[in-house]
Amino acid sequence: MKTIRVCLIGTGRAGLIHGRNMAAKIRGGELIALCDPSQEALKAAEKELNVTYTYTDYRQALKNTEIDAVIVVTPTVYHKEIVIAAAEAGKHILCEKPLAMDEAECLEMIAAAERNQVKLQVGFMRRFDESFQEAKRIVDSGAIGEVVLVKSLTHGPSEPKPWMYDISKSNGPIGEVNSHDLDTLRWFTGSEAVSIYSIGGNFRSPEIKEDYPDYYDTVSMNLQFLDGKLGAVDGAQYVQYGYDARVEILGTNGSVLIGDQSKHKVVIANREGEIIRPAMHSWTYLFADAYVAEDQAFIDCILEDSEPFVTGYDGMMAVKLVHAGLTSLLEKRIVWIDKEEAQ
Ligand SMILES: NC(=O)c1ccc[n+]([C@@H]2O[C@H](COP(=O)([O-])OP(=O)(O)OC[C@H]3O[C@@H](n4cnc5c(N)ncnc54)[C@H](O)[C@@H]3O)[C@@H](O)[C@H]2O)c1
């Protein structure tokens, strides 16, 4: 069987998850190169992952003809230029979410992949999570009737990094956190959104309100879909109690719930009469198996020459909803998405 030789571009938090998977857990895949302009990040990754090549400039990495595929895990602002250059160099691409900063960038990236006949998969790893897949099978079987409403929430524990306060650079939680939820709504409704209304506020970082009046750490969004289905998303950063990702799919005659807030199935009862369940602390833990399945699916789609399970188009539609959701929040109005555009 042919082996797909992979270069990891961006060896930070999420990058190392893909790097560790590709180095040890993926059939038909082999991590042979690392690329990061930060010497510190590169050295740390190199120490842990046994690779043949290291680069500080992705342009040099893309010249290496031994590399068949790249995984792009840099800050989102760099996704577009790297993905297009990788496509032009004939490398298959797995790009982390959000695919890019706006819809126009996504269109260019999708066109470059098509023109060069390379795969472009987007990192919505929740679609590879066992519980999400089981829920999708149940919904598609008709067991809960027709889908009426999909509710999805993501809360992150950590204090935002200073650059995130400027939402023109980060898009805030709607982009960084809720692009997953928006993709989940599209996946379970099987439809596209036509309207979105968001409200939000900064409840946990009052000290930065003067410098960053638009910053929000909590958001609530309502969506309506082309076929009338309803969606609701709630997002929050810096919640401190743990990492929380839950979904409810309500049908005409039943519902499906995904996720709970516990880290594992252990429940502790103590002499104070308390029942304690440790909270989930991180997305890296909750979705560890989903990342492995996502990386395996990427290699498989190259080897089998099949369409990626999560396409560039899926990435673009989520980016479009991020933009609409943020516009609604800032302009305090319902944002309507052109019905023809939504299709
Ligand atoms: N799927 C998920 O749930 C998930 C989770 C976390 C992050 N992400 C996404 O992954 C991406 C990276 O996020 P992160 O949290 O790992 O960030 P990070 O800051 O931890 O790591 C980013 C790395 O990219 C490197 N980098 C910057 N410019 C580069 C370039 N031009 N070429 C190569 N490397 C470059 C940085 O030096 C850094 O080491 C973002 O798009 C983020 O939204 C997705």
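Each value in this text was obtained by applying a stated rule to the coordinates, not by laboratory testing. All figures in this text were calculated on a predicted structure; none of them were measured in a lab. Glycine also receives a Cβ, built like all others from the backbone with ideal geometry; neighbour counts cover every protein chain displayed.
Which FRET efficiency, nearest 0.05, do L226 and E307 yield, Cβ-Cβ r, R0 25 Å?
That gives a FRET efficiency of 0.65.
State to the nearest 20 debye the size of the charge dipole of the chain about its Cα centre, where the only charges are +1 on K and R beta carbons and -1 on D and E beta carbons.
Dipole of the chain, to the nearest 20 debye: 640 debye.
Report the charge-dipole magnitude of the stretch 200-343 in Debye, nearest 20, computed about the Cα centre from +1 at each Lys and Arg Cβ and -1 at each Asp and Glu Cβ.
I would put it at about 720 debye.
Given Cα positions, please report Rg to Rh for the stretch 4-118, the hydrodynamic radius being the Kirkwood one.
0.94
What does the charge dipole of the stretch 4-118 about its Cα centre add up to, to the nearest 20 debye, if the Cβ of each Lys and Arg holds +1 and the Cβ of each Asp and Glu holds -1?
440
Considering the dipole of the chain built from charges on the beta carbon (Lys and Arg +1, Asp and Glu -1) around the Cα centre, which of S158, I84, A318 is farthest to its positive end?
About the Cα centre, the residue reaching furthest to the positive side is S158.
When all C-alpha to C-alpha distances in the stretch 57-138 are sorted into bins of 10 Å, what percent of pairs does each bin hold, rounded to whole numbers?
19, 46, 24, 11, 1
Looking at the square roots a ≥ b ≥ c of the eigenvalues of the Cα gyration tensor of the stretch 265-343, which shape do they give, rounded for a/c under 1.5, prolate if a/b is larger than b/c, or oblate?
Here the stretch 265-343 falls in the oblate category.
Quick check on my link table: of K80/K209; K91/K136; K265/K320; K43/K63; K161/K229; K25/K229, which ones sit more than 29 Å apart, alpha carbon to alpha carbon?
Result: K80/K209; K91/K136; K265/K320; K161/K229; K25/K229 exceed 29 Å.
Multiply the residue separation of Q60 and D102 by 0.36 nm, subtract the distance between their alpha-carbon atoms, and state the gained length in nm to one decimal.
This chain segment gains 12.4 nm when fully extended.
PRE reach from S195 (point 7 Å along Cα→Cβ): which of the stretch 211-232 fall under 17 Å by backbone N?
Answer for the stretch 211-232: 221-232.
What do you get for Rg/Rh of the chain when both radii come from the Cα atoms and Rh is the Kirkwood radius?
Rounded to two decimals, Rg/Rh equals 0.97.
Around L107, under 11 Å between beta carbons, what's the net of Lys plus Arg minus Asp minus Glu among the other residues?
-3
What is the sum of charges around M164, taking Lys and Arg as +1, Asp and Glu as -1, for the other residues whose C-beta is under 11 Å from the C-beta of M164?
Counting the neighbours of M164, the net charge comes to -2.
Tell me, how many Å apart are the Cα centres for the stretch 128-161 and for the stretch 270-306?
Using only Cα atoms, the two centres lie 14 Å from each other.
Return the aspartates and glutamates within reach of K2: Cα separation strictly under 13 angstrom, same-chain partners fewer than 8 residues apart disregarded; answer none if there are no such residues.
E30, E66, D68, D300, E304, D305
So for the stretch 167-310, taking the charge dipole from beta-carbon charges (+1 Lys/Arg, -1 Asp/Glu), which of H180, S255, I275 sits furthest toward the positive end?
I275
How much net charge surrounds A293 when only other residues with a Cβ under 11 Å from its Cβ are counted (Lys, Arg +1; Asp, Glu -1)?
Surrounding charge for A293 is -3.
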